[in-house]
Structures are given as C-alpha cells and as structure tokens.
Amino acid sequence: DSKDNASEAVFRIGDLAREFGITLRALRFYEDRKLLIPARAGSTRLYSAEHRQRLKLILLAKRVGFSLTEIEEILKVNDQENLSAGSLKKLIEKFKGQVSVLSDQKHEIEQALKEVDETVAYLEAQL
C-alpha cells in the first residue's frame, strides 16, 4: 500500500534541507531546541514522515512570524493525541492574533512605501 510506504519513508537531513530550502544548520538548530528529534543511525539523522510534517508546521509558523516560544506552544498543542475543543480554540486564537499582527505590519509597510515614494518624487523634482 502506497500510504504505508509514505508513512514509513525515511529522510536524511540533506533531503529535508533541499526540499524545504533551509540549511543543515537550521535543522540542527531545531533539533537543539527539541522541536525535531530524529532517529539516529550512527551519526546519521533519520527523519520520518511525521518529522517532515512537523518541520512543515515549524516553517509555516516561522514564516508567519511566530517566535520560537510560540512555535513550541503550537507544537505542544499539535502533539496532543486528541485535540480538545479548548486546544483547537487556543490554536485558532493564536493564529487569529498573528493575522492581526501581520495586518498591522502590512499597514506600517504600506505607509513607509508611500513616504518613500513621496520622497523620491520630491528628490526627482529637484533635478
């Protein structure tokens, strides 16, 4: 069954680094922080399909601006065997809060771009 084969897939550190466009150092950092705990065969790190999914979640959370502490909290909730309604609500609120933070940052960036455009226009008029 291909689903069984997918769940039994094993990835090396270089495989995941290439797939996700991150450095080996980043993966080792996540391991140092106990966000990922790969199996070992000698000095070789072996990542499962579950590790790969966990890394996807870590990178998503990082990309949208969560701190490492917040990512750890998200992973703790995600790791629960059965997510309770309360846990799901906590995750939803955390992500909604991040939407608000990102919206504020977007507004600040749009304002800064407007001011830069105005400055460039003023400077070009001085030529």
Inset, instruction - On the protein heavy atoms, probe 1.4 angstrom, tell me the percent of accessible surface of the chain carried by carbon and sulfur. - result: 54 percent
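For segment 36-127, what percent of Cα pairs sit more than 18 Å apart? Walk me through the numbers before you get to the answer.
Values: 2644 of 4186 pairs.
Of all Cα-Cα distances in segment 36-127, 63 percent exceed 18 Å.
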Inset, instruction - Using all C-alpha to C-alpha distances in segment 15-62, build P(r) with 5 Å bins and read off the rounded percent in each one. - result: 5, 20, 37, 29, 6, 2, 0
Inset, instruction - Report the accessible area of His107, computed with a 1.4 Å probe over the heavy atoms of all protein chains in place, in Å² rounded to the nearest 10. - result: 110 Å²
Inset, instruction - Kindly report the accessible area of the chain per residue (heavy atoms of protein chains, probe 1.4 Å, no ligands, DNA or RNA), in Å². - result: 72 Å²
Inset, instruction - May I ask you to evaluate 6.51 cos²θ - 1.76 cosθ + 1.60, the Karplus curve with θ = phi - 60°, for each residue of segment 100-111 and list the ³J(HN,Hα) values in order in whole Hz, giving x for glycine and proline? - result: 5, 4, 5, 5, 4, 5, 4, 4, 4, 5, 4, 5
Inset, instruction - Starting from the Cα of Gln111, move 7 Å in the Cα-to-Cβ direction to define the label point; list residues of segment 58-100 whose amide nitrogen is under 20 Å from there. - result: 98-100
Inset, instruction - Quick one: which residues, 5+ away or cross-chain, put their amide H under 5 Å from the amide H of Arg45? H built at 1.01 Å from N. - result: Ile13
Legend entry - Separation of alpha-carbon centers, segment 79-96 and segment 107-127, rounded to whole Å: 43 Å
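Is it possible to state the helix-based mean residue ellipticity at 222 nm for the chain, with each DSSP H run of 4+ residues giving -39500 (n - 2.57), the sum divided by total residues, to the nearest 500 deg cm²/dmol? What is it? The partial results should precede the final answer.
Working: 6 runs with 90 residues, N = 127.
Helix-only estimate at 222 nm: -23000 deg cm²/dmol.
The values are calculated or read from the model by the stated rules, or taken from the named source; none is laboratory data. The structure displayed is predicted, hence computed values, not measured ones. No Cβ is skipped: glycine too gets one built from the backbone with ideal geometry, and neighbour counts run over all protein chains shown. For accessibility, only protein heavy atoms count, side chains too; no ligands or nucleic acids. Shrake-Rupley method; radii C 1.70, N 1.55, O 1.52, S 1.80 Å.
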